[in-house]
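The next block holds one structure in the form of structure tokens; read it before the comments.
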Ligand SMILES: NC(=O)c1ccc[n+]([C@@H]2O[C@H](COP(=O)([O-])OP(=O)(O)OC[C@H]3O[C@@H](n4cnc5c(N)ncnc54)[C@H](OP(=O)(O)O)[C@@H]3O)[C@@H](O)[C@H]2O)c1
């Protein structure tokens, strides 16, 4: 029997390209088919230098026939492109169903990367009313507020896990807010790029509402080590996939967004990018007019419920398989900001 094949979406992104670096180092023998929307010669060269067994599949998330076909041909699908794009996630589930029907007794595996926006308390920039830290061991996604980010895509995947007819295995890996400089093509997170655009547009650093909200967080290197850890236990048949949720989160430091925005404002002022240090709230009119559609990878997440909320999670299931956050403990959210801003400013 040959090696299991992987269909990877998001190989050129912040998390996805950092993950590909790790995958190329640790599992270079696994054939990877990577969906890439703009496969320039530069990108092709980086991708094949990073993973020796990689084939580029040209397409966007709207290329649903391509996605369904590639999924049908893969043992494992890893989606690090979007947790909000409905047609591509439906194409993945449909391709997996077809594969399962074709190969009874050998259910395909989906590692779907989502985000803790699903836990949003929609606090409008205020501090949390209660400090509930969600555990992935007992969270029922069905019970979260229906309009919260990512659930439209996550719920069908959650429901499909372990079903009897045409069975498939799904693990939804849910990182908290991700920070730090990555090792791949895209080195900085979307939210940092977005904040930088907001600060430049407004002439000051700022927050959604008062910015007293805070979130569990995690360094990008720990996110990719977590995805790899889940992949490895799944390949070994040891994954606890009954519930299928894996939070990737750390609560060692949980700065408020006011603290984060102020540190950013101070540094950008020091660099001569902004005319004033510190931060004060962005105007409601400005934020309402700036759907993250214009700025983000997925075009759906609204800034208020993402960046104006409190989101607390703990990685109990990853803990059970021996994963620990390493880089997050060495280089916390606030300490890592300056380096991220330097990189984002050069981009
Ligand atoms: N960063 C965070 O703080 C964070 C936290 C929790 C969860 N997440 C989730 O993790 C996932 C990845 O996030 P990220 O920060 O790595 O995002 P990112 O840097 O924007 O990367 C997204 C990847 O998906 C590809 N992609 C996006 N839209 C596409 C389309 N229409 N067609 C084809 N390819 C498309 C991008 O290709 P290009 O290179 O061509 O743009 C890129 O490879 C997202 O679902 C995000 O919501 C992120």
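The values are calculated or read from the model by the stated rules, or taken from the named source; none is laboratory data. Here the structure is a predicted model, which is why all the values come from computation and not from measurement. Counting neighbours? That spans all protein chains shown, and the Cβs are built from the backbone with ideal geometry, glycine included.
A few notes on this one:
- There is no residue in the range 184-200 that is surrounded by fewer than 19 Cβ atoms within 10 Å (Cβ to Cβ), more than 10 Å from the ligand (Cβ to nearest atom) and outside any helix (DSSP H, G or I).
- Elements of type strands (runs of 3 or more DSSP E) in the range 1-112, at least 1 residues being farther than 19 Å from residue 244 by Cα: 6-9, 32-36, 54-58
- For the range 64-93, the set of residues classified as within 22 Å of the chain's Cα centre (by Cα) and farther than 28 Å from residue 25 by Cβ consists of 64, 68, 84, 85, 86, 87, 89, 90, 91, 93, listed by residue number.
- Residue in the range 54-63 that is within 21 Å of the chain's Cα centre (by Cα) and under 23 Å from residue 235 (Cα atoms) present: no
- Residue 3 meets all of the listed conditions (1) surrounded by fewer than 16 Cβ atoms within 10 Å (Cβ to Cβ); (2) closer than 28 Å to residue 103 by Cα; (3) touching a strand residue (DSSP E or B) at 6+ places or on another chain (Cβ under 8 Å) but one, namely (3).
- Residue 172 being within 14 Å of the ligand (Cβ to nearest atom), in a strand (DSSP E or B) and more than 30 Å from residue 276 (Cα to Cα): yes
- Only one entry of 59, 16 meets the criterion of being more than 19 Å from residue 190 (Cβ to Cβ), near the ligand (Cβ under 9 Å from one of its atoms) and crowded, with 16+ Cβ neighbours inside 10 Å, and that entry is 59.
- Residues within the range 307-327 that are outside any loop (DSSP other than H, G, I, E, B) and in contact with a strand residue (DSSP E or B) (Cβ under 8 Å, 6 or more places away or on another chain), tallied: 7
- Test for residue 26: is it farther than 14 Å from residue 74 by Cα, surrounded by fewer than 18 Cβ atoms within 10 Å (Cβ to Cβ) and either in contact with a helix residue (DSSP H, G or I) (Cβ under 8 Å, 6 or more places away or on another chain) or modelled with pLDDT under 95 (or both): yes
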